[in-house]
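Remarks on the structure that follows.
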Amino acid sequence: MNKLYFALGISLLGCGTEPSGPETLPNLEVPDVPENGLQVITPIFENIQPGTDNEVCAWTDKIFEKETDVKMTVGYQTEPPGHHALLFYTLDKQPAGTQRICTDTDMASFRYLTGNGSNGEPNTAPGDLVFRVPAGAQLVVNSHYLNTSDEVVKGQSLINVHFADPGKQYIASGATVFLDTTLDVPQGVSSFKTSCIVDRQQKFWYMIPHMHRWGTKITVDLTRTTGEKENLFTTDWQEQYTFHPPESRFDPETPFLINVGDQVDVNCTWNNDEGRSLPFGFEMCVAFGQTVDVEGRGSWACNGGQWHTF
């Protein structure tokens, strides 16, 4: 996964210079391993049935002995059914190569590191920000495979991880997501709203709304404790936004602040012509952001109004 561990002063257990994992599917793009970084390839996930939504967790052989700063990740997946590949870390280790449908217990042990789409677009921490991995952590890939085709398919994910240059002082980047996993979109035209009262100051350098292809409109509104209202997004949804949503970016030195007591409302509308209801995963109503995490508080989700780490 990485050719310069010793030059970087980084020690990894179970890592070599070659890509990890088993054979790769012919429709998975396999780029070179980063010189200053590493590469993870998940095992092939077989028999993804038509009309199914799958969150698959794969524990890698990448275990960090020292705190390590990551500057950029780039994700690749087979398409279909790749939707995204998220990189988490865990201190609750599993044997390398373990892969299964993610359970609530699994996800409770993970901490979010970075997220990537399926087609090779980089996720780069700007300025002096980095994605930070603690000592003793094992990397885990969370692959979202969403098979909207009529065929049984296979899925596989790859993430290139680029380390930050050594010898500098960096600030960790965190993440915040507003969502409600009880979402179940009925047939026809419908709307849904999730609201959250912010319980800690958030310093955003990046924000996006997120829905899937049945979405028609999403709005993200902020109400300050003073009563002042700000519209963060009003987007007439298009299918291509599923992978390339509109975004807002801010200078990390002057981030967009959401303060304690402010309220975030996410409103979504769909036209579900699928002939069945669409549970969370097949459809979403989400606002997501990456933050300047000077305090080292990590990544947080407000799920149905309740806060928890992720």
Notebook entry, point to check: Taking the radius of gyration and the Kirkwood hydrodynamic radius from Cα positions alone, what is the Rg/Rh ratio for the range 113-228, to two decimal places?
Noted result: 1.00
Next item on the list: Before anything else, pin down the relative contact order of the chain: Cα pairs under 8 Å, at least 6 apart, normalised by residue count, whole percent.
Entry: 21 percent
Notebook entry, point to check: So what are the ³J(HN,Hα) numbers for the range 223-234, from phi and the Karplus equation (6.51, -1.76, 1.60; θ = phi - 60°), rounded to whole Hz, Gly and Pro as x?
Noted result: 10, 6, 4, 7, x, 5, 10, 10, 8, 8, 8, 9
Check: Any idea which of Thr235, Cys57, Thr24 is furthest toward the positive side of the dipole for the chain, if Lys and Arg beta-carbons carry +1 and Asp and Glu beta-carbons -1?
Finding: Cys57
Note to self: From the Cα trace of the range 211-288, what convex hull volume per residue do you get, rounded to a whole Å³?
What the structure shows: 112 Å³
Check: Looking at (i) 16; (ii) 20; (iii) 29, which value of percent of Cα pairs over 34 Å apart comes from a calculation on the structure shown?
Finding: (ii)
Check: If you take the Cα atoms of the range 175-224, find Rg, then find the Kirkwood Rh from the mean of 1/r over all pairs, what is Rg/Rh?
Finding: 0.97
Next item on the list: For Lys193, go through the lysines and keep the ones whose alpha-carbon is under 24 Å away, minus same-chain ones fewer than eight residues off.
Entry: Lys203, Lys217, Lys229
Item checked: Per-residue HN-Hα couplings for the range 88-96 [Karplus 6.51, -1.76, 1.60; θ = phi - 60°; Hz; x = Gly/Pro] -> 10, 10, 9, 9, 9, 6, 10, x, 4
Item checked: Mean ellipticity per residue at 222 nm, deg cm²/dmol - from DSSP H runs of n ≥ 4 across the chain, formula -39500 (n - 2.57) -> -500 deg cm²/dmol
Notebook entry, point to check: With all protein chains present, how much of the accessible area of the chain (probe radius 1.4 Å) comes from carbon and sulfur, to the nearest whole percent?
Noted result: 49 percent
Checklist line | Solution diffusion estimate, µm²/s, Stokes-Einstein, the range 30-168, Kirkwood Rh from C-alpha pairs, 25 °C, viscosity 0.890 mPa s | finding: 161 µm²/s
Check: Counting Lys and Arg as +1 and Asp and Glu as -1, what is the net charge of the other residues whose Cβ lies under 14 Å from the Cβ of Gln156?
Finding: -3
Checklist line | Solvent-accessible heavy-atom area per residue, rounded to whole Å², over the range 157-310 at 1.4 Å | finding: 44 Å²
Margin query: Using only the alpha-carbon atoms, what does the range 150-205 span along each of its principal axes? Please give whole angstrom values in decreasing order.
Written below: 56, 41, 15
Next item on the list: Using a Gaussian network model of the chain whose springs link C-alpha atoms within less than 10 Å, name the residue from Ser173, Ser190, Ser143 with the highest mean-square fluctuation.
Entry: Ser190
Item checked: Leading residue at positive end of dipole, the chain (Cβ point charges), from Gln187, Leu86, Ile218 -> Leu86
Notebook entry, point to check: Taking springs between alpha-carbon atoms closer than 10 angstrom, which of Thr225, Thr24, Thr90 fluctuates most in the Gaussian network model of the chain?
Noted result: Thr225
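The values are calculated or read from the model by the stated rules, or taken from the named source; none is laboratory data. Quick caveat: nothing in here was measured; it's all calculated off a predicted structure. We place every Cβ from the backbone using ideal geometry, glycine too, and count neighbours over all the protein chains shown. Keep in mind that these areas ignore ligands, DNA and RNA; they rest on the heavy atoms of the full protein, side chains included. Shrake-Rupley method; radii C 1.70, N 1.55, O 1.52, S 1.80 Å.
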